[in-house]
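Values quoted throughout were computed directly from the atomic coordinates according to the rules given, and no laboratory measurement underlies them. Please read these numbers as outputs of a predicted model, since none were measured by experiment. Cβ placement follows ideal geometry from the backbone for every residue including glycine, while neighbour counts extend to all protein chains displayed.
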Amino acid sequence: MWAVAGDTPDRDFVVALCRDAGRMMVDRLGSVHDVTRKGEVDLVTEVDLVLGERITEQINSRFPEHSVLSEERWDGETATLADYVWLVDPLDGTTNYVHGYPAFCVSVALAQRGDVLIGCVFDPLHDELFYAEKGGGATLNGSRIWASDENRLISSLLSTGFPYVRGSVAEQNVALLRKLLPTIQGVRRSGSLALDLAYVAAARLDGHWELNVKPWDTAAGGLLIKEAGGDISNMRGEAWSPFKEDVVATNGKIHQELLGILQSAG
């Protein structure tokens, strides 16, 4: 098990952060008024900002020596150099949230120089809390979870996501999807990467791939998968880090087969 010098973040603290944000998320669902665009289709709402500030204040109050980074507070140099950095997505699935589509969550992770120690993903609409500590296993609402036992890609249910960046990146994922479709049982797209990764950890999905991902998207979910006995890497098969720009996550048993097809598609 890992240890943090000084005050140690415990499960109760992290879970309380996520549940508090989830309650606020649900309370404000359907009443979003301030929607801005960071890109043509990349949305941010006042809920993202309010939740982000609330989580940051709570972490800073207890751990003033830690850094807190999120989509709205991103500093790549701080993330890689800081002893302890919290990677926070206060509302993963903002577009779903704006449209009232029921697939969104809060994702909180703590990393030490890039090594993720704690990960928590909370889906407030279904009251599902996924939690993992390095070396301590992964749980769903307190019960141990494991990745699936499926060992054939043709029998596997996968998920993917399409980046907000239009043009070559989105087109590249269409090419990957076209290559994979004849080799898998099915594919889903929820619009929430953190939830997709949690579902791989909980054996609801057998794998996930995605391009152009961000650290706050994958930090918590990646640890969940590792602690649930799955495998996670980038598209080149290199060891996982939340700071890599793409992700392949599986139950471990179909990982190499999936990687081979993705790589063959370029």
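Amide H to amide H, with H built 1.01 Å from N, Ala203 comes under 5 Å of Ser148, counting only residues 5 or more places away or on other chains.
For the stretch 140-241, a simple Cβ point-charge model (Lys and Arg +1, Asp and Glu -1, everything else neutral) yields a dipole of about 240 debye relative to the Cα centre. Between Ile261 and His126, the simple spin-label model (points 7 angstrom out along Cα→Cβ) gives 2.3 nm. Other residues whose C-beta falls under 11 angstrom from the C-beta of Phe104 contribute a net charge of -4, scoring Lys and Arg +1 and Asp and Glu -1. Taking 7 Å steps out from each Cα toward its Cβ at Val26 and Glu171 produces label points 4.4 nm apart. Largest GNM mean-square fluctuation among Val47, Val116, Val26, using the chain with Cα springs under 10 Å: Val26.
When percent of Cα pairs over 32 Å apart is calculated for this entry, the matching label among (i) 17; (ii) 26; (iii) 42 is (i).
Report the gain in length on full extension from Lys179 to Asp12: 0.36 nm times residue separation, minus Cα-Cα distance, nm rounded to one decimal.
Working it through step by step, the gained length comes to 55.7 nm.
Computed 3J(HN,Hα) for the stretch 221-232, one whole-Hz value per residue from the Karplus formula 6.51 cos²θ - 1.76 cosθ + 1.60 where θ = phi - 60°, is x, x, 5, 4, 5, 4, 6, 8, x, x, 10, 8, glycine and proline marked x. Only lysines eight or more places from Lys253 in sequence, or on another chain, were considered; those with a Cα closer than 18 Å are Lys226. Karplus-derived 3J(HN,Hα) values for the stretch 87-101, using 6.51 cos²θ - 1.76 cosθ + 1.60 with θ = phi - 60°, are 10, 10, 10, x, 8, 8, x, 4, 4, 4, 4, 4, 8, x, 7 Hz; glycine and proline are entered as x.
For the stretch 183-207, the residues whose backbone nitrogen is under 14 Å from a point 7 Å from the Cα of Asp149, taken along Cα to Cβ, are 203. Computed from point charges on the beta carbon alone (+1 for Lys and Arg, -1 for Asp and Glu), the dipole magnitude for the chain about its Cα centre is near 740 Debye. Here the calculated FRET efficiency for Arg113 and Glu65, from their Cβ-Cβ distance with R0 = 22 Å, stands at 0.95, rounded to the nearest 0.05.
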